[in-house]
Protein chains: 2
Amino acid sequence: MTGPTSRGIPEATVARLPIYLRVLGALADAGTRTVSSDELAALAGVGSAKLRRDLSHLGSYGTRGVGYDVEHLAYQVSRELGLTQDWPVLIVGVGNLGSALAGYAGFASRGFRVCALVDADPDVIGTTVRGLRVQPAAELEDVVRHTGACIGVLATPAPVAQRMCDRLVSAGVRSILNFAPVVLTVPADVDVRKVDLSMELQILAFKEQRKTSKAIAASPVLGSAAGGVR
Amino acid sequence: MTGPTSRGIPEATVARLPIYLRVLGALADAGTRTVSSDELAALAGVGSAKLRRDLSHLGSYGTRGVGYDVEHLAYQVSRELGLTQDWPVLIVGVGNLGSALAGYAGFASRGFRVCALVDADPDVIGTTVRGLRVQPAAELEDVVRHTGACIGVLATPAPVAQRMCDRLVSAGVRSILNFAPVVLTVPADVDVRKVDLSMELQILAFKEQRKTSKAIAASPVLGSAAGGVR
DNA sequence: TTATGTGAATCCATTCACAGCT
DNA sequence: AGCTGTGAATGGATTCACATAA
């Protein structure tokens, strides 16, 4: 109804579009004009059937017998993700992580513009980080209005994250990227994505543990002692 | 066969265990002895049926009519994730992000011990970051052997990430957390998890875009101009 | 002939609803 | 009476396999 593909791209597909976009960018930089679903899938680390299904949700941008035009597909993916426009981003909390984020090159290259930094610490307020003056957290609402920030990044300590989140929401921010190790409560029309650095490590630890115990079970000597009771 | 629950916890469940663990920790700190699936689910931001299904994969640690013992459940989740042991972590690349990670409190509290930092930049080598001397990337293999590092964290620029990854793998590291914006190629027995900071923002942008266009379509004035062709 | 796009089958995850235990 | 743990139903995502188009 609303668009070319009767709007409704699966969540799982959206989560992979940024990967495809990155690979397409690398291909374009290398001067590649055309790419097949097999090649693109291999570079992105997914199966080719999955890739074709994903792209089919955007429309028919491939050519049978040939493949996809790299430039054109990259543009279509960009547009679908909303990256053809400029997104002003406000970072709340300018500690180690916050200042690393402020300087992260991957943001600027995708249309994300860090437009303001705020912090509550008097020692940090007023200092310049990556060319931006850190503003007082007390004036967060003014900063949002003044910069037109659309997306808020929370890089504060856990105890104040919910409070800062509430203030972002009441100032009109409806998309939040949360690095603080807490589960935020927000109204239904606000989207929160959480990046939890230690969570990722925990999942790795789980898998590493399984690999290690499998290796022990497979060991002729240790295996019988550990698993072979009976 | 191998354990209490015939090994095979769904991927999706494993990804949520760290959330439950965090909430359980907060409850324990607050002195709560017992928690029901409804309460725990609400705090974790999931449905209670999903939570009970998830926990059922670990075993029967609840008491009908009562709920779960906070301490005991936290221990069981910890154990399942492999957090009752110590995981030496090596960070490769000590730029802004790498040094932020080196000081991240969430690591230490979950059994992850940053055991070494390496970098290729002569200006950085030899400096002390978070109490650790930065060692030369040239000696990466020696550092892995000497520290017994199990998990490698890649926080290098994109162009060198694959090379550093290869060297980690050949030195025996089989679990890698990748912050560099590239898709790494590794042997089948190596696990890689990728944290892509701009990817998360891109997904938010996609949703924000949908919200905005929905708002325009719903607007009596702008709606007809934007969407209602024909 | 080659490689896309997609029905159809399959697999996995979520949700419902309630039997069973305390 | 209350809450867990789980069959059964549902819903999404992945994979297969091929009709279709260049």
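The values are calculated or read from the model by the stated rules, or taken from the named source; none is laboratory data. In this text the structure is predicted, and so the values were computed from the model without any measurement. Don't worry about glycine lacking a Cβ; one is built from the backbone with ideal geometry, like all the others, and counts go over all protein chains shown. The area values use the complete protein model at the heavy-atom level, side chains included, leaving out ligands, DNA and RNA. Shrake-Rupley method; radii C 1.70, N 1.55, O 1.52, S 1.80 Å.
A few comments on the model shown:
- Residues (within 17 Å of the chain's Cα centre (by Cα), without any contact (Cβ under 8 Å) to a residue 24 or more places away in the chain and within 17 Å of residue A:26 (Cβ to Cβ)) located in segment A:64-107: A:105, A:106
- Subset of segment A:85-138 (residues that are of a type in the set (D, E, K, R), within 11 Å of chain B (Cβ to nearest Cβ) and buried (at least 18 other Cβ atoms within 10 Å of the Cβ)): A:110
- Taking the criterion of being in contact (Cβ under 8 Å) with a residue 24 or more places away in the chain and either outside the structural domain of residue A:107 (by TED's automatic domain parsing) or not β-branched (Val, Ile, Thr) (or both), the residues of segment A:126-145 that qualify are A:130, A:132, A:137, A:140, A:141, A:145.
- Contact map, segment A:46-61: residues that are within 13 Å of chain B (Cβ to nearest Cβ) paired with residues that are open to solvent by 30 Å² or more (accessible area, probe 1.4 Å) and more than 9 Å from DNA strand D (Cβ to nearest atom), Cβ distance under 7 Å, separation 6+ or inter-chain. Pairs shown: A:57/A:5; A:58/A:5.
Residue by residue, here is whether (1) farther than 30 Å from residue A:174 by Cβ; (2) within 8 Å of chain B (Cβ to nearest Cβ); (3) of a type in the set (Phe, Trp, Tyr); (4) more than 16 Å from DNA strand D (Cβ to nearest atom) holds:
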{"residue": "A:14", "(1), (2), (3), (4)": "no, yes, no, no"}
{"residue": "A:38", "(1), (2), (3), (4)": "yes, no, no, no"}
{"residue": "A:64", "(1), (2), (3), (4)": "yes, no, no, no"}
{"residue": "A:81", "(1), (2), (3), (4)": "no, yes, no, yes"}
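- Residue match in segment B:17-35 (condition: of a type outside the set (Val, Ile, Thr), within 11 Å of another protein chain (Cβ to nearest Cβ) and open to solvent by 80 Å² or more (accessible area, probe 1.4 Å)): no
- Helices (runs of 4 or more DSSP H) contained in segment A:1-95 and holding at least 1 residues closer than 30 Å to residue A:140 by Cβ and more than 10 Å from DNA strand C (Cβ to nearest atom): A:11-29, A:70-81
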